[in-house]
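One structure below.
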Amino acid sequence: MILLEVTNPDSRVSLVLFFGTIGMLALTIGLIVFIIFHQRRVIRYQLRLQRMEQDQQKLLLNASIRLQEEERQRIAADLHDDAGPLLATARLYLNENLVNLDKTTQLQSIYNAKQIIDDTIQLIRNISHSLMPPTLKNFGLESAVNDLFQKISGSGSMNASSRFHDYRERLQTENELIIFRVIQELVNNILKHSNASFIHLTQNTSGNKFFIRLHHDGRGITQSDFNKLNKSNVGLGLKNIQSRLKVLHGQIFFEKDMSQTYYKVTIELIKEEMSTPEAGLQ
Amino acid sequence: MWVIFLYCLLSVLTEILAGVTKFPFIGDSYNIVQFTLFSLFFYLSLKDKKFKYIPIAGAVVFYIIAIRNFTNIGFDTFSSSLASVFIIPYCILSLYEQMRDPNIVIVYNYKKFWIIAAFFIYFSGTLFLYIYIYTLPKEQRSNYWAINNFFEILKNILFCVAFIMKKDTRPSYLTDNLDPDI
């Protein structure tokens, strides 16, 4: 009936009504279908992102496990190759002492054993310092970084300097250690690969953000290189930096300076995240 | 959902009353109460505080116009058209908000989506009917009223879908990995 009236050429209103209703209906259904399909696409995209993030986390986890294993091997090698023979030698001297009753020889072997035990103590101290630098534990990040940079400058191959602008309150020790390890890794990379003549570190804060910036004049990497290396199987150190910063919910940016002469690495951290003891445990 | 249930109850009551009595203001009163319930539904379902003012402002404008046009000749289609003009943007706004809500994993798993779809289809479908019905010859009007009935049925079917649907109570971590194609 409606169709008959619509097809009647005299009825203009009914034509408008008919096509208007059809048009509105088509628009409405189109919009609803669009929303459903759009959402499906968004979900698929999120799933892909989630998978990529999982892969990235797997890479980071593998990197940190590998690094831990390497560290253990290094400590095992230090103990086995250095401390072991030293203690064995000391034991030999003391053994000789029991056999040889000559007073002068006895004194000489006791002195030698003492020397060797001193060396072993020094060696074990070095190992323990590499695990947890005493300067960092006792005096904080600023002193530990200054200490590290003084050692680098002292070698004469590079000029290293640091300046902490706003570091009146110390952070949690475990968080300071994480930041120190990141700085150490970055400095290590600069020393190994950049061929730079200087490194300059600055620390400052802005609002609730805590920044650490490293400048150097050697060969460096940019953010895109960092992202590429992070997704590949190489660049263990960089992955380790990333996984350490993830603990503090921090970020790292690699860029070339405006003047195109320096490379800049910025570590951005949130103050509150680092002041709470849980941050390191998350 | 109680607002929609109340609306369904009101629709049935109005139909019965219109059939039994010849009370002249039933059509217009129904129109005003119906719009109040719709505005209340959108007011309750919109989450953004800025958006919440829109149904309130719309209701004020609608009341002024509807009360001015309050007639005893039956049904004021101008108010109905105006209601459609208001409700269609509300529906788009609600769907937009649902799309942006990160807690809503799959939009059609929610009762609210089906209710909004019902409103959207009903008011879009009947908008032109309400605008043009009084420009048609009297003998033709009843033929076109079938459009309203058709969309009324469609709206009620969609309401049924919403009422029958189980409430989505799954925590988001369970639905996070849900593939939309499954």
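The values are calculated or read from the model by the stated rules, or taken from the named source; none is laboratory data. Only a predicted model underlies this, so the values are computations on that prediction, with no experimental measurement involved. Glycine also receives a Cβ, built like all others from the backbone with ideal geometry; neighbour counts cover every protein chain displayed.
Please indicate, with yes or no, whether at least one residue in segment A:178-200 is at pLDDT 85 or above, on the phi > 0 side of the Ramachandran plot and in contact with a helix residue (DSSP H, G or I) (Cβ under 9 Å, 6 or more places away or on another chain).
So far as segment A:178-200 goes, no, none of its residues is at pLDDT 85 or above, on the phi > 0 side of the Ramachandran plot and in contact with a helix residue (DSSP H, G or I) (Cβ under 9 Å, 6 or more places away or on another chain).
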Problem set entry | Test: residue in segment A:39-58 that is among the hydroxyl-bearing types (Ser, Thr, Tyr), at pLDDT below 85 and out of contact with any Gly (no Cβ under 7 Å at 6 or more places or on another chain) | no
For this session: Kindly establish whether residue A:123 is of a type outside the set (Val, Ile, Thr), part of a helix (DSSP H, G or I) and not assigned by TED's automatic domain parsing to the domain that holds residue A:245.
Result: yes
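Could you please let me know if residue B:41 is part of a helix (DSSP H, G or I), at pLDDT 80 or above and within 9 Å of chain A (Cβ to nearest Cβ)?
Against the criterion (part of a helix (DSSP H, G or I), at pLDDT 80 or above and within 9 Å of chain A (Cβ to nearest Cβ)), residue B:41 does not qualify.
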Exercise. Name the residues in segment A:131-144 that are touching a residue at least 12 places away in the same chain (Cβ under 8 Å), assigned to a helix (DSSP H, G or I) and surrounded by 12 or more Cβ atoms within 10 Å (Cβ to Cβ), would you?
Worked result: A:135, A:136, A:137, A:141, A:142, A:144
Exercise. Residues of segment B:142-151 being surrounded by 14 or more Cβ atoms within 10 Å (Cβ to Cβ), more than 8 Å from every other protein chain (Cβ to nearest Cβ) and of a type outside the set (A, V, I, L, M, F, W, C), which ones?
Worked result: B:148
Exercise. Which one of these is outside the structural domain of residue A:123 (by TED's automatic domain parsing), more than 30 Å from residue B:113 (Cβ to Cβ), in contact with a helix residue (DSSP H, G or I) (Cβ under 8 Å, 6 or more places away or on another chain) and surrounded by 13 or more Cβ atoms within 10 Å (Cβ to Cβ): A:87, A:94, A:79, A:60?
Worked result: A:60
For this session: Go through the residues of segment A:111-126 one by one and say whether even a single one is of a type in the set (Val, Ile, Thr) and either over 26 Å from residue A:77 (Cα atoms) or within 23 Å of the chain's Cα centre (by Cα) (or both).
Result: no
For this session: Working only within segment A:145-166, note down all residues that are surrounded by 18 or more Cβ atoms within 10 Å (Cβ to Cβ) and closer than 18 Å to residue A:204 by Cβ.
Result: A:145, A:146, A:149, A:162
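When you look at residue A:235, is it modelled with pLDDT under 85 and surrounded by 14 or more Cβ atoms within 10 Å (Cβ to Cβ), yes or no?
For residue A:235, the condition - modelled with pLDDT under 85 and surrounded by 14 or more Cβ atoms within 10 Å (Cβ to Cβ) - is met.
Determine if segment A:250-267 includes at least one residue that is aromatic (Phe, Trp, Tyr), assigned to a strand (DSSP E or B), surrounded by fewer than 18 Cβ atoms within 10 Å (Cβ to Cβ) and assigned by TED's automatic domain parsing to the domain that holds residue A:164.
Within segment A:250-267, the subset aromatic (Phe, Trp, Tyr) is A:253-254, A:262-263.
Subset that is assigned to a strand (DSSP E or B): A:253-254, A:263.
Checking which are surrounded by fewer than 18 Cβ atoms within 10 Å (Cβ to Cβ) leaves us with A:253.
Retained after the next criterion (residues that are assigned by TED's automatic domain parsing to the domain that holds residue A:164): A:253.
Checking segment A:250-267: at least one residue is aromatic (Phe, Trp, Tyr), assigned to a strand (DSSP E or B), surrounded by fewer than 18 Cβ atoms within 10 Å (Cβ to Cβ) and assigned by TED's automatic domain parsing to the domain that holds residue A:164.
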